[in-house]
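Asker: Encoded as structure tokens, here's the structure I'll be asking about.
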Amino acid sequence: MTLPFTHVDWAAVAPLEVLAATGLLVLLLDLLWRPFAPRALSLSVAVLGTIVTVVMIAQQYGTNVSAFNGGYVVGNFSVLFSEVILLGTLGALALMGRGGSDRESAGTIALLLWSACGALLLAAAATTMTIFLGIELLSLALYCLCGLANRKSAREAALKYLLLSSTASAVLLFGMALLFGASGSVSLAALATPAMVTNPLFWMGSGFFLVGIAFKLSLVPFHAWAPDVYQGAPLPITAFMTVVTKAATIAIFARFAYAALPVGASQMLLLPIWVIAGISMIVGNVGMLAQHDLKRLLGYSGIAQVGYILAALAGTTKLGLRYAFFYLAVYAVMNLGAFAVAAVLSSSDEEEGTHLESYRGLGARRPLLAAAMTFFLLALAGLPPTAGFLGKILILAVTAGSGYLWLAALLLLGTAISLYAYAKIILAMYRPDHRVRSAETLRGAPLPWLSLALCLVATVALTFYPLLPSGIVPLVK
Amino acid sequence: MLLALVLLPIIAGSVILLLRGEDRRIYRAIGVIVALATLLLAIEARSENWSAPWLRAPFVANFHLGIGTLAFWLIVLLALCTACAVLAVDSARPRALIGQLLLLEGTMLGLFVSRDLLLFALFYDLMLVPVFFVLLERGEHPRDAWRYIIYNFAGGLLLLFATAAFGVLHGTTDVIGTVGTTITGAWVPWIFWGFAIAFLVKTPAFPLHTWMPNTYASLPPPVAAVVGAVQSKAGLYGLFVIGLTLMPQEIARYSNVLIVLGSISVLYGAVAALVQSDAKRVVAYSSLSHLGLIVIAIATQQPLALAGAALYIVAHGLFTAAIFLGLGYVEEREETRSLARLRGIGAKNPRLAGALTIGGLAMLGLPGLAGFVGELVIITGIVESGNIAVAIIAVVSVVLAAAYVLRLFQGIVNGPVAHDLPVRRDLTWREGIAIAPLLLALLYLGVNPHAVLASGSVPIPRAPLSSTAGVTTP
């Protein structure tokens, strides 16, 4: 009997194996330890395993391997997106360090790591089969994670996410089936042939595929689930979803848009995506204005931020991809930073303290935290000296440069609106608070603080040393 | 040296914000020393050029610092105003205020020494943040902080867009002060208006001025002095070094629009100043009127008008800062700014009344003080350029200025002592020293304006690029 895959294939996915094995190890430790493995132990194992994965993936930089018959393609593109995904995973793990019961920690952490595995798979997926595998692995773990908190809203979030995400997956799968019918192959590379332009199956399939992607990216008009789910899910899971799910889905979209479309079809096929990206900027930022919960607000903010990232891809230029990646990385650190502040502030799962009312008077009570939160919010709005500023100007330059002036104009309008929403939180923090509060004894666990500090440094450093990797080409073969 | 110039106040301000304790003397001393040190550094680094690479794509951008001639005078003005404002701080919680003042100075210094459009845009947005926080914490109403940040950030976004488009079109943003850099193409009007609207919001000019009276009235006097005197000049400085240098054809093409906006600002500001009952608002609207005159001067592109504009930029800064500080002293003593209630300061506090009067006389353009020379040269330039109607509007505004300044100071300084208001001691030494340098500088520039006038006659101040600059532009 000959094995279908060689050691080359398995070596390409070695980082994923390590990450998945770490998840197993965490569960195993929990099983052996009586009654439950301490949270700190599970977390340290998970963080260690993730860091090993980060290093292993970093070593793949510059290589170009096509494994599993072209289903898993390792290159700079996959490496960079994988690193952002792992960054988001580390950020979410750090938020778990704020405390909680030992009982559920191992299971949560294991699910989180496996979900990250699915995201890593997506970053390198080059056939529709691998894409679907990755999406399901990512989502299945997330359905459970969303419902973990013992709140009604968490169960509601989990159910909502399950129903809508499955619908999106179904649409995506239908699109993939049609694409298979068009090209007779699951490979994305098979789509990039001129014959496809006249094939109606290809157009329909691509349409369904893109709708599925838009669902997953929570672009308008498929965005309604995102704020509800983000609000209901536990804080670390929300942070994970805003960064990791977005990064993985954008990787898929970029690979599809850049490498899988025949030359004649790409402009016309993708135009609706740019349009809904532009609408998302406005709707997301306007939606933020009415929110009273930080997680919900950041959910709406995420809708708009994805719009900015996609705007950079408009015109599918090489520069655009670099800036989209840059802004994605910047968004990841800004967003994780804001979540880290929320994690330091929130005491337990029962009362998470993400309602904006609990930020009132923070400037007087916890000046450092208030300053950090202000910094991250201004960064999300795009004020200097944060990398959000540089990211926006790069996107503006490349969007306007490829002729999408209207998209650049929408970006400006959206940004102006967003400042109003972000500044609302800042205003609340610095407004005097006359209510009597119990003495704040909470010091916060070290991990969220560490994450906060690192995000802060990264947000400033990326302004002055912009990380704009060059050879980032999405490969399909 | 240039880097130290920008970083020193920023670092000092951040450190002060992190400290504990509220000892006024210590913080004042630190603040004044830092502000004076930046003054010395600026003089020392006047001919320096410093550059480090930033971006290579989609356009070249560098951290390029250098001091142009107009920028030099603005930096001197800024350092002087900051030193005076810090010295005048008399709050019970001076730490945060002085820290923010230093941050404000640092970010504005960064703006004036930027030789790169992207860096300019960065500092243009950054300098909003300290003022926003002062307004949030000490403003009279949070609404004022909103208005300030929304208007100015929207302007900043247009600047950002214009910068990005400029960079894409021209290939580099490292162009401030580069002689002969002009861009052409169908986009240029859009880029120009992106810049122009951003600058007109900041200046401000009609109809983009509505954030300004609230902001100036709401800010604590020392911060109002720096913002009113120097931050408002960032827009005019931008019109000089970006508008006049990089897009002179566009300014010429749209000069009518700019002149109309400037003229409306001149008249509307003057008339509005006549009817305000809040002393600070009178100064705010007078600022709209005076700066509108400078916008007109820039729009004519007449060399004489530009020279006058450069001088008037500095002079306006000096007397605005002096008057805001003086009105701050009045408010501390009388606990009101209402013109209906204030009177008789001259009898109670003669030294304060004297300082206020000198500032006021500079504002209405008394010969011998710098404001007069600026106005005279600008109006001469406008006449030279052939716009007689505009020159008449300018002259009318000068007459109106006399009316509202006299109304303001008649009301506050003269008259019988108001018995319903508290009687407090006259100017202390500290308060006097905080306001005196501004008045002396007004007098000095009034009789010896040549150096500053010269800085406006060549709107393209430029030291040759050093070899470290990375790129050379055509």
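The values are calculated or read from the model by the stated rules, or taken from the named source; none is laboratory data. Only a predicted model underlies this, so the values are computations on that prediction, with no experimental measurement involved. Here Cβ is always computed from backbone atoms with ideal geometry, including for glycine, and neighbour counts include all displayed protein chains. Remember, those area values only see protein heavy atoms, side chains included, never the ligands or the DNA or RNA. Shrake-Rupley method; radii C 1.70, N 1.55, O 1.52, S 1.80 Å.
Asker: To the nearest 10 square angstrom, what accessible area does B:His290 show with a 1.4 Å probe?
Answerer: 10
Asker: Counting alpha carbon pairs within less than 8 Å and at least 6 residues apart, what relative contact order, in whole percent, applies to chain A?
Answerer: Working: 836 pairs, mean separation 81.4, N = 477.
After rounding, I find 17 percent.
Asker: Another question, then. Taking every residue in B:121-133, how many Cβ atoms of other protein chains lie within 10 Å of its Cβ, on average?
Answerer: Partner Cβ neighbours, averaged per residue: 4.
Asker: Okay, moving on. Which value, in Å² and to the nearest 10, is the accessible area of A:Leu201 when all protein chains are kept and the probe is 1.4 Å?
Answerer: 60
Asker: Work out the charge dipole of chain B with +1 on the Cβ of Lys and Arg and -1 on the Cβ of Asp and Glu about the Cα centre, then indicate which of B:Leu239, B:Gly194, B:Gly21 is farthest towards its positive end.
Answerer: Farthest towards the positive pole: B:Gly21.
Asker: How high is the relative contact order of segment B:254-458, in percent, with contacts defined as C-alpha pairs under 8 Å that are six or more residues apart?
Answerer: Computed over segment B:254-458, the figure is 31 percent.
Asker: Let me ask something additional. By per-residue mean of other Cβ atoms within 10 Å, what is the highest-first order of B:110-116, A:273-279?
Answerer: Result, highest mean first: B:110-116, A:273-279.
Asker: Okay, moving on. Per-residue mean of other chain beta-carbon atoms within 10 angstrom of the beta-carbon, peptide A:414-422?
Answerer: On the way: counts 1, 6, 8, 2, 1, 7, 4, 0, 0.
Mean partner shielding for this stretch: 3.
Asker: Still on this model: For segment B:12-19, just list the computed ³J(HN,Hα) in residue order, Karplus coefficients 6.51, -1.76 and 1.60, θ = phi - 60°, integers in Hz, with x standing in for Gly and Pro.
Answerer: 4, x, 5, 4, 4, 5, 8, 6
Asker: Remind me, relative contact order of chain B in percent, using alpha carbon pairs under 8 angstrom and six or more residues apart?
Answerer: Numbers: 896 pairs, mean separation 83.0, N = 474.
Averaging sequence separation for qualifying contacts and normalising by length gives 18 percent for chain B.
Asker: How well do other chains shield peptide B:159-168, expressed as the mean number of their Cβ atoms within 10 Å of each residue Cβ? Walk me through the numbers on the way to the answer.
Answerer: Working: counts 0, 10, 11, 1, 3, 11, 6, 1, 6, 7.
Taking the mean over all residues of the peptide, I get 6.
Asker: Another question, if that's okay. Using alpha-carbon positions, what is the distance between the centroids of segment B:351-424 and segment A:1-80, in Å?
Answerer: Centre-to-centre distance over Cα atoms comes out at 75 Å.
Asker: Within a Cβ distance under 14 Å of B:Gly171, other residues only, what is the Lys/Arg minus Asp/Glu net charge? Can you show the working numbers first?
Answerer: On the way: positive: B:Arg56; negative: B:Asp116, B:Asp174.
Local charge sum for B:Gly171: -1.
Asker: Angle, helix A:76-96 long axis vs. longest principal axis of chain A, Cα atoms, 0 to 90°, nearest 10?
Answerer: Result, in degrees: 20.
Asker: Each label point is 7 Å from the Cα along the Cα-to-Cβ direction; what then is the distance between the points at A:Val286 and A:Tyr61, in nm?
Answerer: So the label points at A:Val286 and A:Tyr61 sit 4.2 nm apart.
Asker: A follow-up question, please. Mind pulling the angle between the C-alpha long axis of helix A:446-464 and the longest principal axis of chain A? Nearest 10 degrees, somewhere in 0 to 90.
Answerer: Compared with the principal axis, the helix lies near 60 degrees.
Asker: Compute the long axis of helix B:69-88 from its Cα atoms, compare it with the longest principal axis of the Cα atoms of chain B, and write down the angle in degrees, 0 to 90, nearest 10.
Answerer: Taking Cα atoms only, the helix is inclined about 30 degrees.
Asker: Whole-Hz Karplus ³J(HN,Hα) for segment A:293-304, in order, using 6.51 cos²θ - 1.76 cosθ + 1.60 and θ = phi - 60°, x for Gly and Pro?
Answerer: After applying 6.51 cos²θ - 1.76 cosθ + 1.60, I find 10, 4, 5, 5, 4, 5, x, 4, 4, x, 4, 5 Hz.
Asker: Also, I was wondering about something else. State whether chain A is rounded, prolate or oblate according to the following rule on the C-alpha gyration tensor (a ≥ b ≥ c being the square roots of its eigenvalues): a/c under 1.5 gives rounded; otherwise a/b larger than b/c gives prolate, and the remaining case gives oblate.
Answerer: Oblate is the answer for chain A, as a/c is 1.5 or above yet b/c matches or exceeds a/b.
Asker: Please count, across the protein assembly as shown, the pairs of lysine residues with Cα atoms under 15 Å apart that sit 8 or more places apart or on different chains. Can you show the working numbers first?
Answerer: On the way: A:Lys152/A:Lys160; A:Lys160/A:Lys216; A:Lys216/A:Lys246; A:Lys295/A:Lys424; B:Lys202/B:Lys233.
Number of lysine pairs found: 5.
Asker: Per residue of chain A, what 222 nm ellipticity follows from adding -39500 (n - 2.57) for every DSSP H run with n ≥ 4, rounded to the nearest 500?
Answerer: About -24000 deg cm²/dmol.
Asker: Rounded to whole Å, give me the distance from the Cα center of segment B:97-154 to that of segment A:170-202.
Answerer: The distance from the Cα centre of segment B:97-154 to that of segment A:170-202 comes to 53 Å.
Asker: Could you work out [θ]222 nm for chain B from helices alone, using -39500 (n - 2.57) per DSSP H run of at least four and dividing by all its residues? Round to the nearest 500 deg cm²/dmol.
Answerer: Estimated from H runs of four or more residues: -23000 deg cm²/dmol.
Asker: Can you bin segment B:1-240 into rounded, prolate or oblate? Criterion: square roots of the alpha carbon gyration tensor eigenvalues sorted a ≥ b ≥ c, rounded for a/c under 1.5, prolate for a/b above b/c, oblate for the rest.
Answerer: oblate
Asker: Moving on. Which order do the peptides B:183-191, A:287-295 come out in when sorted by mean C-beta neighbours inside 10 angstrom, highest first?
Answerer: Peptide ranking by packing, descending: A:287-295, B:183-191.
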